[in-house]
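Everything below concerns the one structure shown next.
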Amino acid sequence: MPRRVTKANPAGVRPYDHTLFAPAIREHQAAAEALNELIFAMRRSDEHTGAKPQTQAEWLTAVADLAAAIPYADSCQRCPDDKTWLNVPLRAEIENGWLTGHYLCHNGHRWTCGWSVSSPAYW
Ligand SMILES: [Zn+2]
């Protein structure tokens, strides 16, 4: 597979067409706005940790990983109101068809949960 981000295409954009579904789904625009906010939040975060994406290619990989992990979202068992939050694994390990997700809720609780890689899917 050719590299997506190049000097001639530093954003890594490729031809795509969302015109069939995006106009009817306001969440498409909301997702774009949330991703834009995420970029700026990452830029504001600690510049010395090096833990955030450092390149456009790493950013694109992180976003793709986030999107792919959404079916493995889990609720925090320690927060009674957590059913309204989407806790996507912050880290995923995959071995022998099993995904171990590492989670962090909005109240700072951490946990892990295991899933069959083949079980959840949205499409
Ligand atoms: Zn919690």
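The values are calculated or read from the model by the stated rules, or taken from the named source; none is laboratory data. Just so you know, these numbers come straight off a predicted model, no measurement behind them. We place every Cβ from the backbone using ideal geometry, glycine too, and count neighbours over all the protein chains shown.
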Exercise. What pairs come up if the first residue lies in the range 75-91 and is polar (S, T, N, Q), the second is away from the ligand (no atom under 12 Å from the Cβ) and part of a loop (DSSP other than H, G, I, E, B), and their beta carbons are under 7 Å apart, counting only those six or more places apart or on different chains?
Worked result: N87/A73
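Confirm whether A57 is surrounded by 14 or more Cβ atoms within 10 Å (Cβ to Cβ), outside any loop (DSSP other than H, G, I, E, B) and touching a strand residue (DSSP E or B) at 6+ places or on another chain (Cβ under 8 Å). It would help to see each step written out before you state the result.
Numbers: surrounded by 14 or more Cβ atoms within 10 Å (Cβ to Cβ): yes; outside any loop (DSSP other than H, G, I, E, B): yes; touching a strand residue (DSSP E or B) at 6+ places or on another chain (Cβ under 8 Å): no.
So A57 does not fit the description; no.
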For this session: Starting from the range 8-29, keep only residues that are under 26 Å from P53 (Cα atoms), then list their pairs with residues that are charged (D, E, K, R) and part of a loop (DSSP other than H, G, I, E, B) whose Cβ atoms are within a distance under 7 Å, requiring at least 6 positions of separation or different chains.
Result: G12/R4; R14/R4
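Out of all the residues in the range 110-120, is one or more part of a loop (DSSP other than H, G, I, E, B) and either at pLDDT 95 or above or within 16 Å of the ligand (Cβ to nearest atom) (or both)? Give the derivation first.
Residues of the range 110-120 that are part of a loop (DSSP other than H, G, I, E, B), as a first pass: 117-120.
Okay, now just the ones that are also either at pLDDT 95 or above or within 16 Å of the ligand (Cβ to nearest atom) (or both), so none.
Among the residues of the range 110-120, not one is part of a loop (DSSP other than H, G, I, E, B) and either at pLDDT 95 or above or within 16 Å of the ligand (Cβ to nearest atom) (or both), which makes the answer no.
Looking only at residues that are part of a loop (DSSP other than H, G, I, E, B) and of a type in the set (D, E, K, R) in the range 60-93, which one is nearest to S116 (Cα to Cα)? Break it down into steps so the answer makes sense when it comes.
Restricting attention to the range 60-93, the residues satisfying the condition of being part of a loop (DSSP other than H, G, I, E, B) are 73, 75-81, 85-86, 88-90.
Filter once more, keeping what is of a type in the set (D, E, K, R): 78, 81.
Numbers: R78: 23, D81: 26 Å.
Only one residue tops the list, namely R78.
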Exercise. When you go through L104, L90, L66 one by one, which is the residue that is under 11 Å from the mean Cα position of the chain (by Cα) and either farther than 30 Å from A11 by Cα or within 16 Å of the ligand (Cβ to nearest atom) (or both)?
Worked result: L90
Exercise. Taking the stated definitions as given, is A22 more than 16 Å from the ligand (Cβ to nearest atom), modelled with pLDDT under 95 and surrounded by fewer than 11 Cβ atoms within 10 Å (Cβ to Cβ)?
Worked result: no
